[in-house]
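I have placed the structure first, in the form of structure tokens, so that the comments after it can refer back to it.
The values are calculated or read from the model by the stated rules, or taken from the named source; none is laboratory data. Here the structure is a predicted model, which means the values were calculated and not measured. Here the Cβ positions follow ideal geometry from the backbone for every residue, glycine too, while neighbour counts run over all protein chains shown.
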Amino acid sequence: MPEIKYKRILVKLSGEALMGQQAAGIDPQMIDKVAADLVALARSGVEVGVVVGGGNLFRGAGLAEAGLDRVTGDHMGMLATVMNALALQDGLQRQGVAVAVMSGLAMPQVCESYSQRDARRRLADGEIVIFAAGTGSPYFTTDTGASLRAIEIRADLLIKATKVDGIYDKDPVKHSDAVRYSDLDYDRAIDQRLAVMDVAAMILCNDNALDLVVCDINQPGALLDLARGNSVGTRVTRKEAQK
Ligand code: UDP
């Protein structure tokens with residue numbers, strides 16, 4: 001068996017990654033596919049944490065534009081991430097793995113509340129832990145939630161699995177000559193406002209020297225390849241001089 005390079009990985013799944021070809025909502029086939037990739041990663045010996053987004057259902061900023069109070073909108077967005085987390089938990093359980101959902105907003109009848117100590121214990125026991133409700137606070141994103149949870153559980157790598165296969169110098173959908181980076185540092189990604197993650201999320205990663213890889217959720221075997229140390233998508237690291 002090829003050697004595994006990382007002990008603990010946090011995978012950030014955007015809400016869009018769960019909607020497949022649909023315009024919104026959750027695609028059950030996509031849940032099964034993503035679950036299979038996460039199970040393969042866990043069975044390779046990596047401790048797997050997952051942060052799910054909610055953009056396939058609700059985003060606070062969009063709701064605020066439509067006239068809702070922003071904090072109410074963000075609460076709805078965070079609840080959307082819990083719905084996605086429950087769907088993913090269900091998909092993972094059907095594939096026979098132990099899994100827990102831990103939410104940054106307390107809802108004891110639905111799932112567990114987030115606790116760093118319990119999360120670390122469950123991961124060490126081989127359970128996949130899905131972190132829902134982002135940071136638990138409005139005005140943040142699940143990208144920042146992912147950076148935060150990754151640092152808290154002391155992940156060795158943060159993977160952002162999206163519908164794009166990496167980070168480009170300009171929007172690849174609008175520009176046919178857009179060039180994909182294989183490696184970047186956080187300073188450059190922040191300075192150039194490259195569409196990677198929001199700045200708060202990248203500052204957290206940079207300050208804590210946590211490597212990030214952005215890759216395509218639809219690329220077969222991408223997560224396992226990354227765990228084995230192969231180059232996939234775009235890797236973002238802290239500048240050598242700061243280390
Ligand atoms: N959200 C929040 N605080 C957090 C994380 C998320 O208020 O810590 C809300 C926010 O409204 C956000 C929504 O939940 O728009 C869904 O998360 P996000 O947009 O990050 O989802 P993704 O783009 O990853 O699908």
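The residues in the stretch 88-102 that are away from the ligand (no atom under 16 Å from the Cβ) and touching a Cys at 6+ places or on another chain (Cβ under 9 Å) can be counted, and the count is 2.
Return yes or no: is D74 assigned to a helix (DSSP H, G or I), over 25 Å from G166 (Cα atoms) and within 12 Å of the ligand (Cβ to nearest atom)?
So D74 fits the description; yes.
Evaluate the stretch 10-24: report whether one residue or more is basic (K, R), within 14 Å of the ligand (Cβ to nearest atom) and surrounded by 20 or more Cβ atoms within 10 Å (Cβ to Cβ). Checked the stretch 10-24: at least one residue is basic (K, R), within 14 Å of the ligand (Cβ to nearest atom) and surrounded by 20 or more Cβ atoms within 10 Å (Cβ to Cβ).
Cβ-Cβ contacts under 6 Å between residues 6 or more apart (or on different chains), taken from a first residue in the stretch 119-139 that is of a type in the set (S, T, N, Q) to a second residue that is part of a loop (DSSP other than H, G, I, E, B), are listed as T135/G104. In this structure, A80 does not qualify as within 18 Å of the chain's Cα centre (by Cα) and either more than 8 Å from the ligand (Cβ to nearest atom) or among the basic types (K, R) (or both). Put simply, of D169, D185 the only residue that is surrounded by fewer than 17 Cβ atoms within 10 Å (Cβ to Cβ), out of contact with any Pro (no Cβ under 8 Å at 6 or more places or on another chain) and more than 14 Å from I9 (Cβ to Cβ) is D169. Search the stretch 110-153 for residues being more than 10 Å from the ligand (Cβ to nearest atom) and hydroxyl-bearing (S, T, Y), and hand back the single one that is surrounded by the most Cβ atoms within 10 Å (Cβ to Cβ). Ranking the qualifying residues of the stretch 110-153, first place goes to S147. With respect to the conditions (1) part of a helix (DSSP H, G or I); (2) more than 16 Å from the chain's Cα centre (by Cα); (3) closer than 25 Å to A35 by Cα, V97 lacks only one, and its number is (1). With respect to A85, is the statement that it is within 13 Å of the ligand (Cβ to nearest atom), part of a helix (DSSP H, G or I) and modelled with pLDDT under 95 true? The answer is no for A85.
Across the stretch 35-71, the number of residues qualifying as part of a helix (DSSP H, G or I), within 13 Å of the ligand (Cβ to nearest atom) and among the β-branched types (V, I, T) comes to 1. Of the helices (runs of 4 or more DSSP H) lying entirely inside the stretch 124-243, those carrying at least 1 residues that are within 25 Å of G45 (Cβ to Cβ) are 142-152, 199-207, 222-227. For the stretch 101-116, the criterion of being within 20 Å of D32 (Cβ to Cβ) and in contact with a helix residue (DSSP H, G or I) (Cβ under 8 Å, 6 or more places away or on another chain) is met by at least one residue.
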